[in-house]
Amino acid sequence: MQVQQLESDIYVLIGEDLESNSVAFINGDEALLVNGMASRPDAESLRGFIEDELRKRARLIVCTHFQSDHLAAFRLFPHAQLIAHHNYRHTFDTELYRSEEERQNFVEPDILISNEMTVKWGRCVLDIFHSPGHTMSSLSIDVAAADLIITGDNVVGNMVYLVYSTPLMFHSELERLRRRGRTHLISGHLGARSSKAIDNALHYLNALQKKVEAARQENKSDEAILSIELESCLAPGVEGSDFETIFHKRNLGSIVERKLFAN
């Protein structure tokens, strides 16, 4: 597990499995966590860091969306109250690519949000708000004191992941996240980085739409869509990663199957 200390009281913990993040906000002897890693080994590392290294007790956990690559640690903090959107069960029940082991990480939330919730945690105020983009149950978190926006999987690397959503939902939500005007961004994977990733994700979505529409007009075949290269959709100066390549290929399959970007 990698550890990034963003500020004196904010840590970003990055797991080995899918580089899935957990964020820890410290307040005295207690911690508020956002998300819980993708695998049990990463979850154990997270618990060890919070309880043994920092010597803190997790009191609250916010789940940005109830997909299995963010749930693995929840059972390891039985005294923490779990916060999620009230549509969390819809997201979990319709998720793809989930193993039986991942199903066993499921924990019922204690606190459900419909639209917005504010949590005062030490010097930070966490503005937790419904943020439907990646899923209908997605939450984002605005932390003004740290000039930080936490987006869950509404941003994946420098792109978006369309399998559970629609282009229109992503356009609307990415624009709303951009209007928050924060400098730093933490998504569900890959650690803390610049909020320019939101602009890059919008560029990817718009470029992908143009490529798909052109492929349909010129070739009228699914194969032409499935062969669209990731690099052709990324913002100038942005290099694609192996991680993003996986999700780009899944995007193309979903576009063909669901006929996304159809006129």
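Descriptive notes on the structure:
- The range 70-86 and the range 232-257: distance between their alpha carbon centers, rounded to Å: 31 Å
- Dividing the mean sequence gap of close Cα pairs (under 8 Å, 6+ apart) by how many residues the range 95-211 holds gives a relative contact order of 20 percent.
- Summary value for the range 1-147: 18 percent relative contact order, contacts being C-alpha pairs under 8 angstrom separated by 6+ residues.
- Across the range 104-113, computed HN-Hα scalar couplings (Karplus, 6.51 cos²θ - 1.76 cosθ + 1.60, θ = phi - 60°) run 6, 7, 4, 9, 5, x, 9, 10, 10, 10 Hz from first to last residue, x flagging Gly and Pro.
- Surface accessible to a 1.4 Å probe, per residue, for the residues of the range 123-263, Å²: 42 Å²
- Local electrostatic count at ALA215 - Lys and Arg +1, Asp and Glu -1, tallied over other residues with Cβ under 10 Å: 0
- Close amide H pairs (under 5 Å, H built 1.01 Å from N) link HIS85 with ILE113, residues at least 5 positions away or on another chain.
- Restricting the calculation to alpha carbons of the chain gives Rg and Dmax of 18.2, 62 angstrom.
- In the range 99-193, the alpha-carbon atoms span a convex hull of 127 Å³ per residue.
- Computed on the range 194-263, the Cα convex hull volume stands at 86 Å³ per residue.
- Of the solvent-accessible surface of the chain, computed with a 1.4 Å probe and all protein chains present, 46% belongs to carbon and sulfur.
- The dipole here belongs to the chain: it is taken about the Cα centre, uses +1 on the Cβ of Lys and Arg and -1 on the Cβ of Asp and Glu, and is about 700 debye.
- Mean separation of Cα contacts under 8 Å (6+ apart) over length of the chain, as relative contact order %: 14 percent
- D (Stokes-Einstein, µm²/s), Kirkwood Cα radius, the range 41-86, 1.567 mPa s at 4 °C: 116 µm²/s
- Entries in LYS196/LYS249; LYS120/LYS259; LYS120/LYS196 that, when Cα-Cα distance is taken, lie over 32 Å: LYS120/LYS259
- The chain, helix-only ellipticity at 222 nm - DSSP H runs n ≥ 4, -39,500 (n - 2.57), divided by all residues, nearest 500: -8500 deg cm²/dmol
- Spread of Cα-to-Cα distances over 5 Å intervals beginning at zero, given as percent, for the range 45-167: 2, 10, 19, 22, 22, 16, 7, 2, 0
The values are calculated or read from the model by the stated rules, or taken from the named source; none is laboratory data. Bear in mind the structure is a predicted one, so any value in this text is a computation, not a measurement. We place every Cβ from the backbone using ideal geometry, glycine too, and count neighbours over all the protein chains shown. Please note that ligands, DNA and RNA were not included when accessible areas were found on the heavy atoms of the full protein model with its side chains. Shrake-Rupley method; radii C 1.70, N 1.55, O 1.52, S 1.80 Å.
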